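Down below is the structure, laid out as structure tokens.
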Amino acid sequence: MPPRFDAHSHLPRVGVQEEAVPGRDHRRVVCGTCEADWEAVLAHAAGREHVLPMLGLHPWFAREAAPGWELRLGALLRAHRVGVGECGLDFARKDADRAGQETVFCAQLRLAHELRRPVAMHVVKAWGTLLEVLRSEGVPPAGALVHAFSGSPETARELQAMGVFLSFSGDLLKPERQGARDALQAAAADHLLLETDGTADLERVIEAAASLRSTSVTDLELLTWDNARRCFRELMA
Ligand SMILES: [Zn+2]
């Protein structure tokens, strides 16, 4: 069976068993979203070779971050082989603290640069600001992805041209998310990833993506595995 890669998920819900799939090389990125879950992500990844852990401060929790979070995150990143994320910009809510989110995001991009770690970005309705930030801070060279990509085909091409990987989620399966399907069809193969976001069934996401791109499930599994090995090379043996 070809290997399978889930480029973005979270800690399994309490009581849900999450183990490797026998007979198949399977890897899964597990992201922390706030300081309260960083240790739990590290504990979950310990002893599970198929789990690639990342620690970050999600834009939803940027406002309530305790002073000193940046130093504590930096210390954990230095002590463990983990990526940065998820972090980013989410301007979907009218009252979003845009400036505050940008400050918190930039701090994490700088950690990804400095420590040469991959970074997982959550971006919703903030594409102009994302492009500005990436142009001024630079794309972290050890790998960068936008997870659950929801931008336009034009934004997809622009980000991929900067070396950013785009990961598509179970949104592909939702009738109302035609935009995600359009972007997937426009995306370049060499910077493409797939994910469950911790909620979808990876098999169904792969099947939907394969049919939208007129390719086979096996070819897409192999393609996204190779892409993931490039994007997450610092975290994979
Ligand atoms: Zn997430």
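Just a few scattered comments:
- Karplus 3J(HN,Hα) series, Hz, for the stretch 32-42 with 6.51 cos²θ - 1.76 cosθ + 1.60 (x for Gly, Pro): x, 10, 7, 4, 5, 10, 4, 5, 5, 5, 4
- Extension gain for Arg230 to Leu71 (0.36 nm times residue separation, less C-alpha to C-alpha distance): 54.4 nm.
- The H on the amide N of Arg4, modeled in the peptide plane, is under 5 Å from the matching H of Asp25, His26, Arg27, each at least 5 residues off or on a different chain.
- For Val217 and Glu203, the difference between the fully extended length at 0.36 nm per residue and the C-alpha to C-alpha distance is 4.1 nm.
- Burial ranking of peptide ranges 125-133, 141-149, 94-102 (average Cβ count within 10 Å, highest at the top): 141-149, 125-133, 94-102
- Pair-distance profile P(r), taking every C-alpha pair of the stretch 11-168, with 5 angstrom steps and integer %: 2, 9, 19, 21, 20, 15, 9, 4, 1, 0
- Those GluC sites (Glu not before Pro) in the stretch 11-96 that DSSP places in a loop and that have at most 16 other beta carbons within 10 Å: Glu18, Glu19, Glu49, Glu64
- Extension gain, Ala189 back to Arg13 (0.36 nm per residue minus Cα-Cα distance, nm): 60.1 nm
- Zero-based 10 Å bins, Cα pair distances in the stretch 78-237, whole percents: 11, 41, 36, 12, 0
- For the stretch 52-236: accessible area per residue (Å², 1.4 Å): 42
- Percent accessible area from carbon and sulfur atoms, the chain, protein chains only, probe 1.4 Å: 51
The values are calculated or read from the model by the stated rules, or taken from the named source; none is laboratory data. As the structure is a prediction and not an experimental result, all values here were calculated from the model. Methodologically, a virtual Cβ is constructed for each residue, glycine included, from the backbone with ideal geometry; neighbour enumeration extends over all protein chains shown. Protein only, heavy atoms only, side chains kept; ligands, DNA and RNA dropped before computing areas. Shrake-Rupley method; radii C 1.70, N 1.55, O 1.52, S 1.80 Å.
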